[in-house]
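Below is one structure, written out as structure tokens, with a few remarks after it.
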Amino acid sequence: MKKITTLLFLIIVFQLNAQNPIIIPGTLSGTDINLTLQNGTHQFYNGINTTTMGVNGNILGPTIILDKGDFVNFSVENLIGETTTIHWHGLHVAPENDGGPHTTILPGETWTPSFTILDKAATYWYHPHLHEKTNEHVSKGIAGMIIVKDNEEAALTLPRTYGEDDFPIVIQTKDFDVNNEIVVPSNSDDIIMVNATIDPQLDIPAQVVRLRLLNGSSMRTFNMGLNANQSFYQIASDGGLLNESVLLTRLRMAPGERAEILIDLTGMQGQTLQLMSYASEFQNGIYGATNPGMGAGMVLNGYNPNPLNGADFTILQLDVVSPIGNPVTTIPNALVTVTPILEGTEDITRNLVMTSVNGGPQQLNGDFVINGVPFNMNVVNYEIPLGNTEIWRITNSSAIAHPFHIHDVQFYILDREGVPPAPSEQGLKDVIYVLPQETVRFITKFEDFANPDVPYMYHCHMLYHEDRGMMGQFTVVDNLGIGDLNLDQGVAIYPNPSKGVVNLKTSEGVIVSKIEIYNVLGSFIKSIEISNNQDSIDANELSEGMYLLKIVSNQGEVTKKLIIN
Ligand code: C2O
Ligand code: CU
Ligand code: CU
């Protein structure tokens, strides 16, 4: 008996100390990118299978490497057995290619958006975005990094050999139940991982290295730093390189945010560094601090106790090994010329206020809303004229900080409480962390893409908040053009919106055989067989709202959106 106890003890000690080399996700590049969303299992813990979702594998997805200016064909096959979407977080694409909640991929379907990469070299990411399901699909493992390359970046002396001196670092926390299954939603996320590896370790060469940091957590904010007060240099924010390298010892990263950093490890071979979160330094009101609300005593269900809250902890152990070929040994000072949009050029300022709806301003559990209204798939909150330059002024009137994210555009932060942003926030951003009671302003321009039918989202990137309605949507409208009937795959439906009768218009030779109706969350409602020459369907029994019609014809299948009003 004693022997067994000792053995168990040894096993436990061993497991506590074991470091696991991080998975470096494989890459996809070129102009044809094929993704398959699938169910699987992953051993977060040795020998124990946890149910997961992944892309082209069991957990997370490949890193997609794209060249600015390329026209890229994507194919996203959905084999997870339920409806989802894939959103290209940070990329400037047309709304129908953006993968927001309206662009559902039904089970078994393949979504094939194609678009030109217009964004600057930086680190972006992709993840599901089905309304009310984003947290579950992301937490179970569907997420991947996107690296965009361009000539400006290529002209700089920077580490850029993937997996050798340039590393994808996807940081997430999760909560596991007693059966080692992932709990969603949860405020008890106490397990930290990098690239889906717990107790992660990376062998890293003794030269200048680049880490592409992504906070892919559902809720938690990190206060990134290196142990022993070792400094590092930030070179990029969400949407591009900064003007110059910014010397830092701390970098706060909220969910959805990315940063690229350089660390000079020259001559440090044989040493070990820890990439840390110094969450003990967080003020109250941050998910990750001891008190996630502005004052002590505000309760967030499930949050305490948790060894990560308000504590300093290791995110990733870096073991410095011998240098590799053609090492970069210096940190460039000047990077690119960032040209912010100037205040005074805006067409309009919009005010957005974040509040808690249930239980008043002290409440941390939500639900949270923007401008007093929860997200509604059928309500477009703003119609923005194509070409508008806008200032968005965001006030957080709740007791907990929220990362605000907007689709379609990158923005420049004008100020936080009237104070211009610190150097690390002077570049392009698509997420801004708004502290409790803080007001921030950013400026941006809505260019290139307009579509009155498909909205873009803005929302809190804490995924539980987003799923519970802390989201809104906007369309960008080109007031000059009104779309003709969309004869995609040779079939169009009209009128749309409709009051009950939906007409079918088909091109020469196209024969429709069946129409399947789904609600906007992707749940199947009914199937209608279409006989020869039938040119309309009766949709009177559908209540008001938005629907998806999967139209099957001799040309294949096409899914169209229908509004019943
Ligand atoms: Cu990363 Cu709308 O999301
Ligand atoms: Cu996004
Ligand atoms: Cu939030």
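The values are calculated or read from the model by the stated rules, or taken from the named source; none is laboratory data. Predicted model only: the values in this text are computed from it and were never measured. We place every Cβ from the backbone using ideal geometry, glycine too, and count neighbours over all the protein chains shown.
Among the listed residues Asn284, Asn309, Asn291, identify the single one that is within 25 Å of Ala196 (Cβ to Cβ), polar (S, T, N, Q) and buried (at least 18 other Cβ atoms within 10 Å of the Cβ). Talk me through it step by step, then tell me what you get.
Numbers: Asn284 fails: within 25 Å of Ala196 (Cβ to Cβ); Asn291 fails: within 25 Å of Ala196 (Cβ to Cβ).
Exactly one of Asn284, Asn309, Asn291 is within 25 Å of Ala196 (Cβ to Cβ), polar (S, T, N, Q) and buried (at least 18 other Cβ atoms within 10 Å of the Cβ), namely Asn309.
With respect to Ile511, determine if the residue is closer than 16 Å to Pro495 by Cα and aliphatic (A, V, I, L, M).
Working: closer than 16 Å to Pro495 by Cα: no; aliphatic (A, V, I, L, M): yes.
Taking the combined requirement at face value, the residue does not satisfy it.
Residues of the stretch 156-176 include none that is of a type in the set (A, V, I, L, M), free of Cβ contacts under 8 Å to residues at least 60 places away in the same chain, surrounded by fewer than 19 Cβ atoms within 10 Å (Cβ to Cβ) and in a loop (DSSP other than H, G, I, E, B).
Whether any residue in the stretch 370-390 is touching a His at 6+ places or on another chain (Cβ under 6 Å), part of a strand (DSSP E or B) and in contact (Cβ under 8 Å) with a residue 40 or more places away in the chain is what I want to check. No: the stretch 370-390 contains no residue that is touching a His at 6+ places or on another chain (Cβ under 6 Å), part of a strand (DSSP E or B) and in contact (Cβ under 8 Å) with a residue 40 or more places away in the chain. Remark: pairs (first residue in the stretch 317-341, free of Cβ contacts under 8 Å to residues at least 24 places away in the same chain and in the same structural domain as Ile391 (by TED's automatic domain parsing); second residue surrounded by fewer than 18 Cβ atoms within 10 Å (Cβ to Cβ) and not in a strand (DSSP E or B); Cβ separation under 9 Å; 6+ apart in sequence or on different chains) are absent. Among strands (runs of 3 or more DSSP E) entirely within the stretch 456-565, having at least 2 residues that are more than 16 Å from ligand 3 (Cβ to nearest atom) singles out 471-477, 491-494, 501-506, 512-519, 524-529, 536-538, 545-553, 556-564.
Of all residues in the stretch 272-316, count the ones that are among the small types (Gly, Ala, Ser), out of contact with any strand residue (DSSP E or B) (no Cβ under 6 Å at 6 or more places or on another chain) and at negative phi. Step through it out loud before you land on a result.
Of the stretch 272-316, the ones among the small types (Gly, Ala, Ser) are 277, 279-280, 285, 288-289, 293, 295-297, 302, 310-311.
Those left that are additionally out of contact with any strand residue (DSSP E or B) (no Cβ under 6 Å at 6 or more places or on another chain): 285, 288-289, 293, 295-297, 302, 311.
Those left that are additionally at negative phi: 289, 293, 295-296, 311.
The number of residues fulfilling the criteria is 5.
Filtered by the rule that a residue be acidic (Asp, Glu), away from ligand 2 (no atom under 16 Å from the Cβ) and within 23 Å of the chain's Cα centre (by Cα), the stretch 391-431 gives a lone residue, Glu425. When the stretch 263-278 is filtered for residues that are surrounded by 22 or more Cβ atoms within 10 Å (Cβ to Cβ) and within 23 Å of the chain's Cα centre (by Cα), the ones remaining, listed by number, are Leu275, Ser277. Each residue in the stretch 401-447 was checked for being more than 16 Å from ligand 1 (Cβ to nearest atom), of a type in the set (Ser, Thr, Tyr) and over 15 Å from Met253 (Cβ atoms), and 2 of them qualify. Of the strands (runs of 3 or more DSSP E) lying entirely inside the stretch 43-84, not one contains at least 1 residues that are of a type in the set (Gly, Ala, Ser) and modelled with pLDDT under 95. Within the stretch 401-438, the set of residues being touching a residue at least 40 places away in the same chain (Cβ under 8 Å), in a strand (DSSP E or B) and within 16 Å of ligand 3 (Cβ to nearest atom) comprises His402, Pro403, Phe404, His405, Ile406, Val431, Tyr433, Val434.
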